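Following: one structure in structure tokens, then a few remarks.
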Amino acid sequence: MLTLIAGLVLFIGAHAVRLVSETIRDGLVSRLGPLAYKAVVALASLVGLVLMVKGYGMARADPVALWSPWGGGRHIAALLSLVAFVFIAAAYVPRNTLRARVGHPMVLGVKLWALGHLIANHTLADLVLFGSFLVWAVLSFRAARRRDSRTRARLTEAAGKVGVVDPATVAPSRLADLAVIVIGVALYGVFAFYLHASLIGVRPFG
């Protein structure tokens, strides 16, 4: 369990600096430089991910059950995970409707993934892993939407003064929307039917 917790601290901690303090994050970026800061975050995330996978596997070998599992939970987890992969794909495809409407589809995808797995699983390790990601995603999404509101207010003020065009007003593309769905479903299929078993040791579909 300690390995799992250490991985969570590294991975989520690397992505939660802005939740603690924008000033601290800006100071680190200024001191290290944008590229170096991203490299540190990427390295911490990679090490954290490895520790999480290893720690979760160790915890599954000696599980601590907290409640009786619900059979229907696996179906809900599968559905929410599919939607989550579509949202995650939307974070990387430019000019798609999901990204334009929710602003931060990656975080919303993580939220859906974590919620689905909390419903489907029943051990202490599951609660620690997926509960931590769910709490981070909820807080991160709320903080990001607040930043968006402040940014839009500044852009609106600037547009009124000098005619700046707000990037958010660019119309989404139907082709981009189709790409989001195709990529998201494809990634979900690869992960659910192949990578999940090799990385996590669990076959979602038997």
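Ala61 meets all of the listed conditions (1) within 16 Å of Val202 (Cα to Cα); (2) modelled with pLDDT of 90 or more but one, namely (2).
The conditions of being over 29 Å from Ala176 (Cα atoms), outside the structural domain of Ala186 (by TED's automatic domain parsing) and either in contact with a Lys or Arg (Cβ under 9 Å, 6 or more places away or on another chain) or without any contact (Cβ under 8 Å) to a residue 12 or more places away in the chain (or both) are met by Ala36. Among the conditions (1) within 17 Å of Phe133 (Cβ to Cβ); (2) of a type in the set (Gly, Ala, Ser); (3) surrounded by fewer than 17 Cβ atoms within 10 Å (Cβ to Cβ), Gly7 misses just one, which is (3). Pairs meeting the criteria (first residue in region 110-133 and among the hydroxyl-bearing types (Ser, Thr, Tyr), second residue modelled with pLDDT under 95 and part of a loop (DSSP other than H, G, I, E, B), beta carbons under 8 Å, at least 6 apart or on different chains) are Thr123/Pro63; Thr123/Val64; Thr123/Leu66. Taking every residue in region 19-32 that is in contact (Cβ under 8 Å) with a residue 60 or more places away in the chain and pairing it with any residue that is part of a helix (DSSP H, G or I) and surrounded by 13 or more Cβ atoms within 10 Å (Cβ to Cβ), at least 6 positions away or on another chain, the pairs with Cβ-Cβ distances below 7 Å are Leu19/Leu139; Leu19/Ser140; Leu19/Ala143. Residues in region 1-46 that are aromatic (Phe, Trp, Tyr) and within 17 Å of the chain's Cα centre (by Cα): Phe11 alone.
Can you spot a residue in region 33-41 that is surrounded by fewer than 15 Cβ atoms within 10 Å (Cβ to Cβ), closer than 30 Å to Gly201 by Cα and at pLDDT 90 or above? Checking region 33-41: at least one residue is surrounded by fewer than 15 Cβ atoms within 10 Å (Cβ to Cβ), closer than 30 Å to Gly201 by Cα and at pLDDT 90 or above. Taken over region 73-85, residues that are surrounded by fewer than 22 Cβ atoms within 10 Å (Cβ to Cβ) and more than 16 Å from Asp126 (Cβ to Cβ) amount to 4.
The values are calculated or read from the model by the stated rules, or taken from the named source; none is laboratory data. This structure is a prediction, so every number in the text was calculated from the model and none was measured. Neighbour counts are summed over all protein chains in view; Cβ atoms, including those assigned to glycine, are modelled from backbone coordinates with ideal geometry.
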